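Take a look at the structure below.
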């Protein structure tokens, strides 16, 4: 077979695979973690092998980009009021995962959790079941499917019920869950309340849901709180709005939420390849 004809057939084969949408959900996911808070935060991640060992510092306005493989299932949260030495030893006011910068365990409640299971499709949510410390939003970009923005962009601390409030120096720094405070079966959705029929919203979970309608407020708050998407990248934003336009880099291209720029670019690029291939075929014959 002539080299140029072999090259042409290769291009057409690749074009066929791409345009058929083959296995987009099997590619690795790019995670961009952004701090929009006015204070420095220390994100924690478990498992953290693909995320700088599970912990790092983000000053206001800073972001970090990571890649996680399909099959990764874990949590991302923000720690506040931390003080670590040069060896990464220290503690945090909220969200502590022990005495180290890099987390190998989940954050200590109360923490706002961004949760992911990367599969086909992915499942993701923001959970306040373990309480709240800072707002966090998950924005999928360039995905296929429902792909809704999940999370809590309201701040529960100013209106946290007094019996749930965690204070430091007279300031409310976090809001505990009713399960954490009272420990009853009703609030913890266990025992006779351990199913979606008997475990119903409570006064406290309703307060959380009012402030954060796109986040889990109690254990069986599934219908309005868990989302699915295929072949997507994720932007995890702290102290952001669910309506904010956020951006990440994918294959050295800037991709933003609510934008069809990547799809448009892909369509135009493969149109050029197809036209070029047809011209080469015409020249050969």
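Laboratory data are not the source of any read-out in this text; all were calculated from the coordinates shown. All of these numbers come straight from a predicted model, not from anything done at the bench. All Cβ positions, glycine included, derive from the backbone under ideal geometry; neighbour counts span all protein chains shown.
Miscellaneous remarks
- Anisotropy class of the stretch 152-246 from Cα gyration tensor, a/c 1.5 cut: oblate
- Ranked packing of 145-153, 122-130, 184-192, 238-246, most packed first, by mean Cβ within 10 Å: 122-130, 145-153, 238-246, 184-192
- Using C-alpha pairs under 8 Å with a sequence gap of at least 6, the mean separation divided by the residue count of the stretch 26-257 gives a relative contact order of 22 percent.
- Cα gyration tensor category, rounded, prolate or oblate, for the stretch 26-257 with a/c compared to 1.5: oblate
- Highest to lowest packing among 83-93, 206-216, scored as the average C-beta count within 10 Å: 206-216, 83-93
- Cα gyration tensor shape of the stretch 149-204, rounded if a/c is under 1.5, else prolate or oblate by comparing a/b with b/c: oblate
- FRET efficiency estimate (nearest 0.05) - Cβ-Cβ, residue 70 to residue 256, R0 25 angstrom: 0.60
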